[in-house]
Amino acid sequence: MAQELAEVPAVSTEEISHSLAIITGRCRLRVHKLGTSEHDDPMVCFPNNAGPASRMGGEDRQLAFDLGEPGTVEYLHWVIGHYGSADEGLRAVRLQAVGSDRALDGKITRWEDVVTIFDAGEGNAIPVAQPARDDDVVVVPEPAVALCIVKGEEEGQVSPA
């Protein structure tokens, strides 16, 4: 993912504790599995450990703007939450803003905001890139295989192989 994102303008990545952080402007993002279905309530789906995503956020890291509306906040730390399974495939992708609420063990316990990017239940589709086929590749049929008797087996002897 870091190699692909290196080609995107104004985006950088860094590896922290074997976890990829995506940085664009002042915003930091981390990818984390949060559920198995698009029907999972994102407001109660949290990382199952106190890992890199849980170390993000905090009210001191959010920037408040005075835009005429009280409480307008730009969230600077987001989890790119993916929902799905090996059997069902990718079912949803949501951006989930990390706040300062934490459990005693450091796990995230509340999202400040949730933005759905993809939801399979709504009929959205993510385009799948088809692998390139080379014209010089020749597909050959399966070879015909048959059993044959090894000399000595017809006389009841055991083959050393």
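Annotations
- The residue that is surrounded by the most Cβ atoms within 10 Å (Cβ to Cβ), among those in segment 90-113 that are of a type in the set (Gly, Ala, Ser) and farther than 15 Å from residue 32 by Cα, is 99.
- Pairs linking a residue in segment 1-21 that is assigned to a loop (DSSP other than H, G, I, E, B) to a residue that is open to solvent by 60 Å² or more (accessible area, probe 1.4 Å) and modelled with pLDDT under 85, with Cβ atoms under 9 Å and 6 or more positions apart or on different chains, are 17/55.
- Checking each residue in segment 22-35 for being open to solvent by 80 Å² or more (accessible area, probe 1.4 Å) and assigned to a loop (DSSP other than H, G, I, E, B) picks out only 26.
- Selected residue (criterion: most open to solvent (accessible area, probe 1.4 Å)) from residues of segment 139-161 that are modelled with pLDDT of 75 or more and among the small types (Gly, Ala, Ser): 144
The values are calculated or read from the model by the stated rules, or taken from the named source; none is laboratory data. Predicted model only: the values in this text are computed from it and were never measured. Glycine also receives a Cβ, built like all others from the backbone with ideal geometry; neighbour counts cover every protein chain displayed. Ligands, DNA and RNA are excluded from the accessible area calculation, which covers all protein heavy atoms including side chains. Shrake-Rupley method; radii C 1.70, N 1.55, O 1.52, S 1.80 Å.
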